[in-house]
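Here the structure is laid out as structure tokens; the discussion comes afterwards.
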Amino acid sequence: MPKKEGKPETYIGCCGAYCKTCRAFKEGACKGCKLGYENGERDIQKARCKIKKCCFAEKKLQTCADCPGYEKCGIVGEFHNKDGYKYKKYKESTLFIKEEGYAKFLKAAGKWKGACGKLK
């Protein structure tokens, strides 16, 4: 895990993934969704993730849950509607944050064994 600790919200990907409990992140195979971009250590313009570029770089939001246009967004909508368990869970996380806030999300997510899990 990276030695630097950011704000708790920094560990939540714009799409709803939770980096801090993600196996790839903990094993050092991933640098995290936002870590390093917030302080300029990593160049956000080199990021391949369209969601991160829109949400974090352009709109200066922590996650798509903070975006007033979330429901109509084609970028995150396309991602959340892909086939696969994790995409549905990331969408669930985003909607949970939107409704319940970051503190409740972080409390639930802290118990996960991966980038997604149960919220209630």
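A few points about this structure:
- Judged by a Cβ-Cβ distance under 4.7 Å, the unpaired cysteines of the chain are 15, 19, 22, 30, 33, 49, 54, 64, 67, 73, 116.
- Contact order normalised by residue count of segment 8-109, Cα under 8 Å, 6+ apart, percent: 30 percent
- Cβ-derived FRET efficiency at R0 25 Å, residue 29 paired with residue 103, nearest 0.05: 0.30
- For the chain, the Rg and Dmax computed from alpha carbons only, in angstrom: 13.2, 37
- In whole angstrom, segment 71-120 maps to an equivalent ellipsoid with semi-axes of 20, 14, 6, each derived as √(5λ) from the alpha carbon gyration tensor and ordered largest first.
- With a Förster radius of 22 Å applied to the beta-carbon distance between residue 85 and residue 48, the computed FRET efficiency rounds to 0.50.
- Under-5 Å amide H pairs with residue 42, H placed in peptide plane, nonlocal only: 37
- Using the Karplus relation 6.51 cos²θ - 1.76 cosθ + 1.60 with θ = phi - 60°, the per-residue 3J(HN,Hα) values for segment 89-95 come to 5, 5, 5, 4, 5, 4, 5 Hz, with x marking Gly and Pro.
- Mean projected area (nm²) of the alpha-carbon convex hull when segment 36-81 is viewed from all directions: 3.2 nm²
All of the numbers you see were taken from the coordinates with simple rules; none came from a lab. If you're wondering where the values come from, they're calculated on a predicted model, not measured in any experiment. We place every Cβ from the backbone using ideal geometry, glycine too, and count neighbours over all the protein chains shown.
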